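Taking it in order: structure first as structure tokens, then the write-up.
The values are calculated or read from the model by the stated rules, or taken from the named source; none is laboratory data. This structure is a prediction, so every number in the text was calculated from the model and none was measured. For neighbour counting, all protein chains shown are included, and Cβ atoms are generated from backbone atoms with ideal geometry for every residue, glycine included. Surface accessibility is based on the protein's heavy atoms, side chains included, excluding ligands, DNA and RNA. Shrake-Rupley method; radii C 1.70, N 1.55, O 1.52, S 1.80 Å.
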Amino acid sequence: MSDESSALNIIGAGKVGRVCGRLWAKAGVFEIQDALALSLESAQAAVRFIGAGRAAGTLDEMRAADVWMIATPDDAIAPVCRALADSGKLTPDDVVFHVSGATPSSDLVPARERGALIASVHPIKTFAEAESAAQTFEGTYCSAEGDRRALRVLKPAFERIGARLFDIAPELKSIYHAGGVFACNYLTALIEAALRCHEKAGIPRSVSLNALESMVRETVDAIFEQGPARALSGPISRGDVATIQRQLAMVESWDRHLSGLYRGLGLLALGLAEADGRLDAVRAAELRQALTPESNGKLGVRNS
């Protein structure tokens, strides 16, 4: 199967499907054929964004295709694939793939049972806004796993639109995807935690957000320029045990969920500081004890 002439159908024409569809259409990688979404209106909007293809109201309306992209939410992948397999539209050697980072290509086994080749390719990118994501897709890293013959079609297709592919073991995809959740989703949650602390201290959210912006951007730049250990700053990197104890006591008396977050992240930060050689063994032990829940309040503060 030549990717130059392959017809592509998209099921779940949300932001990822729309962005990839537009880029493939523009680059002439696939012939975008049919797009199916939760509603005909959504499918029509997807086709307008892509600039090619035909909106379908139901799976029955979709035509046969060489490649089927399932770009639905994770929980819908398996039932959508089962419906596709039962539809009789698949022929041997069709490629069926999904773009989830959290689930393996084995969720597509019903398609394989009909003779199709299955795979998964996951872009490590935020798709908060489709237009922006399409403009910045080049250089995006994508994990890939599945049938080799399917990947011989899909890897060049993604590379043609600027992606950088690497292989991932399917049985480790949950932990791999958790890494992305920490780096992206939970980074957002951490900023929210910072805003709530400032609000508790009487600082309006709008002021806090503006005040934190420069520090956050500088920190992110330092992480990718120097690595996490060298980029670490703050009381743990300096070994300020008393500061950590005071902050923990105040946060814990106000919000125990945030104090648990503070402790867990503090222990990670402590490991970075130790790896970077910033703390002697005694000070590191004092910090670890201060951050451990069962020892809270039992540690005397050493004068510095």
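Annotations for the structure displayed:
- Summed over the residues of region 160-283 and divided among them, the accessible surface reaches 63 Å² per residue at a probe radius of 1.4 Å.
- Rolling a 1.4 Å probe over the heavy atoms of the protein chains gives region 1-144 an accessible area of 41 Å² per residue.
- Apportionment of accessible area to carbon and sulfur, the chain, percent (1.4 Å): 55
- Look at the dipole of the chain built from charges on Cβ: of Gln44, Phe182, Ala13, the Cα furthest out on the positive end belongs to Phe182.
- Calculated FRET efficiency for the pair Gln289/Ala211, C-beta based, R₀ 30 Å, to 0.05: 0.40
- Under the Karplus curve 6.51 cos²θ - 1.76 cosθ + 1.60, θ = phi - 60°, whole-Hz ³J(HN,Hα) for region 272-282, x wherever Gly or Pro sits: 5, 5, 5, 4, 8, x, 8, 10, 7, 4, 5
- Between Val109 and Arg196, the simple spin-label model (points 7 angstrom out along Cα→Cβ) gives 4.0 nm.
- Computed with the Debye formula from one identical point scatterer per Cα of region 160-239, without solvent, the log10 of I(q)/I(0) at q = 0.13, 0.16, 0.17 Å⁻¹ comes to -0.63, -0.86, -0.92.
- For region 39-96 versus region 192-210, the gap between their alpha-carbon centres in whole angstrom: 44
- Most mobile of Gly266, Gly115, Gly51 in a GNM of the chain (Cα contacts under 10 Å): Gly266
- If R0 equals 30 Å, the separation of the Cβ atoms of Phe182 and Ala242 corresponds to a calculated FRET efficiency of about 0.55.
- Taking region 219-243 and a reference point 7 angstrom along Cα→Cβ of Trp254, no backbone N atom is nearer than 12 Å.
- Principal axis dimensions, region 24-76 - Cα atoms, whole angstrom, descending: 29, 21, 21
- Per residue, the convex hull volume that the Cα atoms of the chain enclose (Å³): 164
- 10 Å-binned pair-distance histogram of region 203-274 (Cα, whole percent): 18, 38, 40, 4
- Computed over region 12-77, relative contact order equals 37 percent, with contacts defined as Cα pairs under 8 Å that lie 6+ residues apart.
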